[in-house]
Amino acid sequence: EQAEPLLDIEPRPIRVLHYEGLVNTNPKRIKTVEHLSQIKDAATLFRYWQATGSEEAAATLRRLIAAWTDVYVPTGNDVNDNKMYSLLVAYEALRDTFPADQRERIDGWVQRVGELHEKAVRKAKRFTNRYTKSVRLLALSGMILDRSEWIEQAEAGIRRFVSESLYGDGSSYDLKHRDTLTYHSSALRPPMELAML
């Protein structure tokens, strides 16, 4: 019921995300959130495709993926770039169904995401929710492009996060230093999603 009305949606990508660091009432963030609602639609369509194999859903997902990767410029900002997570997961599953020239272009975009977040993972000094977001993007880029060194680096990154930022009492670096359950749970989500992938 949620997916079927989305089968004929047209892409509405934006080049720059005005999200991280802005309050919810900021007009630029409000506009960005309106566009990003389409990424949630893509996640719904992807689950529908997984359950049904609908070619119509796959075609819509291909349109969305192609349009967003054509327009959005990855910056290495872990919060903003992670808004593309659902599209990356869908691309990983549907990659072989794209025409070769389109696949080559999107692969170049994924390469850029991977390079930016490989650098962030390698240089990290604190292993927080922002770190695990970069680890997730690095792992997913490695899966898509069959870059085993990125996957291995991401696996090592998860181990580092667990050993250095999760504590025996169930708390974390984020919870102790930021005093918010939101950061704590957002640090845990990427490792769990990677385990599912």
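The values are calculated or read from the model by the stated rules, or taken from the named source; none is laboratory data. Note that the structure is predicted; figures quoted are calculated from it, not measured. Positions of Cβ are generated from backbone atoms using ideal geometry, with glycine treated the same way; all protein chains shown enter the neighbour counts. Note: accessible area is taken over every heavy atom of the protein model, side chains too, but ligands, DNA and RNA are not part of it. Shrake-Rupley method; radii C 1.70, N 1.55, O 1.52, S 1.80 Å.
Taking the condition of being open to solvent by less than 20 Å² (accessible area, probe 1.4 Å) and in a helix (DSSP H, G or I), how many residues in the range 98-120 meet it?
Total meeting the criteria: 5.
Give, as residue ranges, the helices (runs of 4 or more DSSP H) completely inside the range 40-97 that count at least 3 residues that are surrounded by fewer than 21 Cβ atoms within 10 Å (Cβ to Cβ).
Passing ranges, in order: 55-71, 85-94.
Could you check, for the range 42-54, whether at least one of its residues is of a type in the set (S, T, N, Q) and in contact with a Lys or Arg (Cβ under 8 Å, 6 or more places away or on another chain)?
no
Starting from residues that are hydrophobic (A, V, I, L, M, F, W, C) and either open to solvent by 50 Å² or more (accessible area, probe 1.4 Å) or free of Cβ contacts under 8 Å to residues at least 24 places away in the same chain (or both), keep the ones in the range 148-163 and report whichever is nearest to residue 128 (Cα to Cα).
Per the stated criteria, the residue is 162.
Okay, residues lined up against (1) closer than 13 Å to residue 127 by Cβ; (2) touching an Asp or Glu at 6+ places or on another chain (Cβ under 8 Å); (3) in a loop (DSSP other than H, G, I, E, B):
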residue: 143; (1), (2), (3): no, yes, no
residue: 152; (1), (2), (3): no, no, no
residue: 163; (1), (2), (3): yes, no, no
residue: 169; (1), (2), (3): no, no, yes
residue: 188; (1), (2), (3): yes, no, no
residue: 192; (1), (2), (3): no, no, no
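So which residues in the range 1-33 are among the basic types (Lys, Arg), open to solvent by less than 100 Å² (accessible area, probe 1.4 Å) and assigned to a helix (DSSP H, G or I), if there are any at all?
If the condition is that a residue be among the basic types (Lys, Arg), open to solvent by less than 100 Å² (accessible area, probe 1.4 Å) and assigned to a helix (DSSP H, G or I), then 29 is the only one that fits.
Give the residue that is surrounded by the fewest Cβ atoms within 10 Å (Cβ to Cβ), with candidates limited to residues of the range 121-147 that are under 17 Å from residue 173 (Cα atoms) and of a type in the set (D, E, K, R).
Only one residue fits best here, namely 125.
Checking the conditions here, which among 166, 138 is touching a His at 6+ places or on another chain (Cβ under 8 Å), closer than 21 Å to residue 195 by Cα and either touching a residue at least 24 places away in the same chain (Cβ under 8 Å) or hydrophobic (A, V, I, L, M, F, W, C) (or both)?
Residue meeting the stated conditions: 138.
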